[in-house]
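Working notes, beginning with the structure itself.
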Amino acid sequence: MKFIDRLEEWLISFLIALATLITCAAVFHRYLSGIALLQPMLLNINMAWAQELTIYLFVWMAKIGAAYGVRTGIHVGVDVLINQLATPVRNRFVLFGLLSGALFTAIIASLGAYFVWENGLAYSFYQLIGHDSGVYYEGPVTPDLEWPTWIVYSAIPLASLLMCFRFLQVAWVFSKTGELPEHDHGHVDGVDEQIAIGEAFEVAEEIEHGAAGKTGGRK
């Protein structure tokens, strides 16, 4: 599970960083192209694909981020009435909600996989292994990048399957421990450690000043 957790976090961070870099590069290219000295060089660089790729990166990031949200408990939920119920009844409602989420995302994953298969993945697969594609066609491509659209749409079945797994994971832990993942929106990773280090330095300085004072008094 640790490997999947780290891979999930790494992918989200990488997609956000890459989309940010591409957007910055496109903006700089657009405005610097207005400078006469740089125009001959920059106008030969085609950045028309930047917006399209950025959109695809954010789509993948959002889909994977939804699974991350299930694992960490950051999705918004209305549980005011459920929390007023007796614990056994509340637990049944919580489990029902988690399993419903797993069922829904499983359906989306299966329908998305069928759509991607029919949209060009089947043709690419049979071409790769050297077989006749039969009734399957090549499928459309994206406007600017001219990538097969099934690559972009693969975010739906893959991320939905990951989200389904996260729902089942949370449901399993809840059935055993009665605990749900909770996320402190005011917490920033690394801040507590920095505060602890700062407090340690303050205590060390107080001890040092106290020792210095005692030494000075004896003199």
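The values are calculated or read from the model by the stated rules, or taken from the named source; none is laboratory data. No experiment lies behind these values; they were computed from the predicted model shown. Backbone-built Cβ (ideal geometry, glycine too); neighbour counts: all protein chains shown. Calculation scope for accessible area: heavy atoms of the full protein, side chains included, ligands and nucleic acids excluded. Shrake-Rupley method; radii C 1.70, N 1.55, O 1.52, S 1.80 Å.
Descriptive notes on the structure:
- Theoretical FRET efficiency, 1/(1+(r/R0)^6), r = Cβ-Cβ of ILE45 and SER124, R0 41 Å, to 0.05: 0.85
- For the stretch 107-143 versus the stretch 1-16, the inter-centroid distance based on Cα atoms is 27 Å.
- Rounded if a/c under 1.5, otherwise prolate or oblate - the stretch 11-160, Cα gyration tensor axes: oblate
- Mean separation of Cα contacts under 8 Å (6+ apart) over length of the stretch 94-149, as relative contact order %: 25 percent
- Point-to-point label distance, ASP144-LEU21, nm (Cα→Cβ direction, 7 Å offset): 1.8 nm
- Applying 0.36 nm per residue to the separation of ASP5 and VAL89 and subtracting their alpha-carbon distance, the gain on full extension is 27.1 nm.
- For q = 0.16, 0.22, 0.25 Å⁻¹, Debye-computed log10 I/I(0) when each Cα of the stretch 69-112 counts as one equal scatterer: -0.53, -0.85, -0.97
- Area of ASP144 that stays accessible when all protein chains are in place (1.4 Å probe, Å², to 10): 80 Å²
- Under the criterion of Cα pairs below 8 Å and six or more residues apart, the relative contact order for the stretch 11-156 equals 22 percent.
- Split the accessible area of the stretch 29-149 by element, probe 1.4 Å, and carbon with sulfur accounts for 67%.
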